[in-house]
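Asker: This structure is in structure tokens; I'll ask about it shortly.
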Amino acid sequence: MRGRRPTPTRIKVLTGNPGKRPLNPHEPRPEPALPECPAELSPLARREWERLSAELVKLDLVTHLDRGALAAYCGAYALWAEAMEQVQKFGTMVKSPTGYPIQSPYLAIANRQAEIMLRVATEFGFTPASRSRISAPPVNELPLLQLRMDEYEEEPGGGG
């Protein structure tokens, strides 16, 4: 049976390490950087990419390794928006070929994309609940974060 998913060390530091467990000094820490927007994204997904990546860069919460996850979120957002347009146009119920009312297939698409978006959003701290667990310092104080990480790196032990 699997337990709770480990919280990344960077998030633990930002939240003040509420569990007071030893931080993992060996966790990879890729350099914060804006990944290139994938060419495969639709124009709507690209606009969402630009909007979100600008915010994530301000907080140093995005790296080149996050390209796939951010692309998945933006792609799901674009599909969700397109499906919701169709739901607004045709309604949540439509007639089947036999004439019976059924749930709109567009609603099913929108719901599935919303699930994907929520899963990725939680990882990046896009939701109010996930954001409330992070207390990021003002941008001009970010070097202090490195000092705090250096303090934890000197502690014996490790783990996550």
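Each row is one residue, and each column tells you yes or no for (1) modelled with pLDDT of 95 or more; (2) surrounded by 15 or more Cβ atoms within 10 Å (Cβ to Cβ).
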{"site": "ALA71", "(1), (2)": "yes, yes"}
{"site": "SER104", "(1), (2)": "yes, yes"}
{"site": "ILE116", "(1), (2)": "yes, yes"}
{"site": "PHE124", "(1), (2)": "no, yes"}
{"site": "ALA136", "(1), (2)": "no, yes"}
{"site": "GLY160", "(1), (2)": "no, no"}
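Asker: Does the range 65-85 hold any residues that are under 11 Å from the mean Cα position of the chain (by Cα) and closer than 12 Å to PRO43 by Cβ, and which are they?
Answerer: Within the range 65-85, just CYS74 meets the criteria.
Asker: In addition: Residues LEU61, LEU52, LEU65: which one is aliphatic (A, V, I, L, M), touching a residue at least 60 places away in the same chain (Cβ under 8 Å) and over 18 Å from ALA114 (Cα atoms)?
Answerer: On the way: LEU52 fails: over 18 Å from ALA114 (Cα atoms); LEU65 fails: touching a residue at least 60 places away in the same chain (Cβ under 8 Å).
Among LEU61, LEU52, LEU65, only LEU61 is aliphatic (A, V, I, L, M), touching a residue at least 60 places away in the same chain (Cβ under 8 Å) and over 18 Å from ALA114 (Cα atoms).
The values are calculated or read from the model by the stated rules, or taken from the named source; none is laboratory data. Remember, predicted model here, so these are calculated numbers, not experimental data. We place every Cβ from the backbone using ideal geometry, glycine too, and count neighbours over all the protein chains shown.
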